[in-house]
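The values are calculated or read from the model by the stated rules, or taken from the named source; none is laboratory data. From a predicted model like this one, the values you see are computed outputs, not experimental measurements. We place every Cβ from the backbone using ideal geometry, glycine too, and count neighbours over all the protein chains shown. The area values use the complete protein model at the heavy-atom level, side chains included, leaving out ligands, DNA and RNA. Shrake-Rupley method; radii C 1.70, N 1.55, O 1.52, S 1.80 Å.
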Amino acid sequence: MGSIYAFMAGINDYPAHVATPLTGCVNDIRAARRLLVERTGGAVEVRTALDGEATAAALEDGIRDFLGSAGSGDTALFWFSGHGTRRPAGGGDLLVEATGWNQALVCADGPLPDKRVGALLDAVAARGVQVVAVLDCCYSGGATREDGPVPADLTARFAPPRPEWRTVTADRDAVPDQEAGRHLLLAASRLDQLSFEGYFDGVRHGVFTHALLSAVRAAGPDATYRQLLAAADARVRRSGGRQQPVLFPPSPGLADLPFLAGAVAGVASGYLLRRGPDGWEVDCGSGHGLRDGAGADGTEFGVVGEGPAAGAVVRARVVRADRCLVDPVRWTPDPELAYPVALTALASAPATVSVEGPDGRLRAALASYGPGGGPAPLVRLVDAPEEQGDPHFRVVVADGAARVLGRDGTEFVAPLRFGEGGSVVPRAADADARRVVDCLTHLARWHRLRDLTARPSVFDSQVRVEIVPWEAPDGPALVPDGRGEIVCEYRPDATGPREPWVQIRLHNRSQRPLWCVLLDLTDSWAADPALFQGHFIGPGRTGYALDGEPVRLFLPESRPAVPGAEVRDWLKLIVAEGELNTAPFRMRAWDAERTPGSRGDGDEVSGVLRFDAPVRPAPGPREAGRVPQGAAGRWATRTVTLRTVVPAGGY
C-alpha cells in the first residue's frame, strides 16, 4: 500500500461580496479528517484550508504541489465543502457542456472552474497516482433545477454568480491529453440538482458528507468507492434527500478500488444491493432487461465476494425502470452497507403467440400447461397486434393441422396434427393441442437461451471467441460477413462435397481465471454445451473446443448436401466468475413424436432460468436462502452466428 495524501478545503465564512455564509462546511472537513486518521491509523498526510485560507490560488497550489508530491501507487484525495456556482456556457465550451452551463467551486475569493480543478487532478493521476475528489457543493456532478421550496432546516450550497466575476470557463491549456490519467469523482448531486446542508444529531453538516462518512464508518476495509457511493446515495434518499450523489466515471476500474487502499482495481459488481427509501433495492431494473409486472418475483440476485454475506439471496418484488425492490430470503442485510450482487435467477418476459383459426382447445391447453395446472410460463396468448412481444409466434389452424410461423411467415417446424373436434375423439384433440403448446414452449425456451444477455457486465469482451480453418490454425480468424454471420463452405472432395473443419478457441484476456461454457444452439432447436462443457480458463490462457480436436460443421441427415443447402448454428459463450450448472442449457432437438406434456428441466415448468452452481452432495444441510460458495456470481454472454453452406454454384 502506498502513501495517502489528502488536501481538504471547507468554507463557512464567505465574504459578503462573494457569497452568503454557510455553517456546516468546516464541520465536514474536521469530521472527514478525523475519519481519515482513524481509518488509516494515522498513516495519512493531511493539509487543510479553512474559510479565508481557501482561496482559488490556495486550492490550485494544494492540488498541484501538495497532492502532486504523491508518486506512483500512492493515493491523493481532494475534498471540498462549500458553495458551487454556474454561468451560461458559450463558444467552444458548448461542445463539452451539453447542459449549456459552466460550473465552478466558489472559493473564499471567487470561482475556480471545475474544469480547471479536473485538469489539475488528472495531471496528478497521469503519474500513476490514485486520485479521488469528493465535492459537497451545488453542481458538483458537473446546472441546477430546484424542485419546489427548500425546507427551512436545509440550506442550499449555491452562490449566484457576481457581475464582477470573470467568465467561468475551461482552461484549454490545462486539459490533459487523452492518454493522461483520470481522477474519480464522488459528487454530492447531479448536474440538475442543488446540494444541501442541515442538522444531524445537533451538528450542521452537508447532507452528502454526513451520508458518505456514515457509509465509510459502517463498511468493512474492502469496501469500494462504488459501494460507498451507493450506500451514501441510499442514505440520502432514505432521509428524504432532494439530491442524488454521483459517481464518475462509473465504468469498472478506479471506482472498484478499496477506499484509500490498493492500487489494483478489483472486479466491479454489475449491481449493488442497498437500503433505499422504499426498502431493499438493487440498481438494476426493466431498463436493464429485467421482466416487470406479473412474474417479476422469479428474478433473484445473490451476494458475491468473500464476505460473510456471500451467497445470500434476495428476490425481486417490484421491478421499476432503474431499480428492483427486493426481499431478502432468510437473512438480514445491514442497512448501512451496500452489497455487490449478481443475477442468479432470471424471469424473462414470455414469448407471445397469436392464433388464426379455431382456437378453443389451444387456449385451454395454454391456460393449464404450467405448474399446478396454471398458465404456460414461457408463452402468452395475445389477440391485439400491439401486444405482441419478441419472439412472437403465429399459429395457423386449418385442415386438421397447426402451422407454427414467425412474424414473416417462416415455418419453424413441420405442420403439427391438430384435431378440431367434430368426429375427432376429444382426448386426442386435447393431446394435439398440448403438443402444439409443447412446441411453442420448446421454441420459446430455445430463443431465450439464444438471446440471453447479462449486459452491462464487467466480463463483456473479456473472453474472445476465435474460429479458424482447421488446415490453417495459425492463420487469421474468420470474420462475419455483411449479415453478421461467419460463413463456412463445403469443399470438393474425391467422394463428393466435404464438410468444413474448424478450430474454435476461447482466449481469456482478463487478469483472473474465468469459467466458460460454449453452447451450440442449432436450427433444429437443440442446445448442447458439448463444444466446451464448462471449465476455468486461466488469465491470459486459451481454451479449445473439443479439447483441440477439429469441429466438423455438417448438415443434418435430413438435409442432403446439395448446392444451396445450409444450416445455422448459434455459438453462445457464457462467462462467469464461478462454475454454473449447465443442465438448464441442454435441450434436445424438437421432436413432434415425443409424449405431449413431457418436460425437461425446471426452466420449462417455472419459467425461471437459474444460474446456480452445480448441485453436489454437501456435508451438512444447505442453509435456506443461500447458494453455495463459488456460485455463478457475475456473468456475461456473447453469441456468434455460424452458417454452413453448400455453394449454390457448385464446385
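Points worth noting:
- Point-to-point label distance, GLU164-GLN533, nm (Cα→Cβ direction, 7 Å offset): 8.1 nm
- Sequence-distant residues sharing a close amide H with ARG157 (under 5 Å, placed H): CYS138, SER195, PHE196, GLU197
- The range 486-577, relative contact order in percent, only Cα pairs under 8 angstrom and at least six apart counted: 34 percent
- Backbone geometry of the range 548-562 corresponds, through the Karplus equation with coefficients 6.51, -1.76 and 1.60 at θ = phi - 60°, to 3J(HN,Hα) couplings of x, 6, x, 9, 8, 9, 9, 6, x, 4, 6, 10, x, 7, 9 Hz, x marking Gly and Pro.
- Ranking by accessible area, most exposed first, for THR55, THR209 with a 1.4 Å probe: THR55, THR209
- For ARG275, solvent-accessible area (1.4 Å; no DNA, RNA or ligand), Å²: 90 Å²
- Accessible surface ranking that places the most exposed of THR352, THR40, THR639 first, with a 1.4 angstrom probe: THR639, THR40, THR352
- For SER461, solvent-accessible area (1.4 Å; no DNA, RNA or ligand), Å²: 90 Å²
- Accessible-area value, ARG509, 1.4 Å probe, nucleic acids and ligands omitted, Å²: 130 Å²
- Amide H contacts under 5 Å for TRP280, placed H, 5+ residues apart: VAL326
- Kirkwood estimate for the range 203-258, i.e. one over the average of 1/r between Cα atoms, Å: 11.6 Å
- For LEU184, nonlocal amide neighbours, meaning residues 5 or more places apart or on other chains whose placed amide H falls under 5 Å from its own, are VAL131, VAL132, ALA133.
- A viscosity of 0.692 mPa s and a temperature of 37 °C, combined with the Kirkwood radius over C-alpha pairs in the Stokes-Einstein formula, give the range 1-42 a diffusion coefficient of 274 µm²/s.
- Dividing the radius of gyration of the alpha carbons in the range 15-74 by their Kirkwood radius gives 1.04 for Rg/Rh.
- Under conditions of 4 °C and 1.567 mPa s, the range 483-541 yields 90 µm² s⁻¹ as its translational diffusion coefficient, taking Rh as the Kirkwood radius over Cα pairs in the Stokes-Einstein equation.
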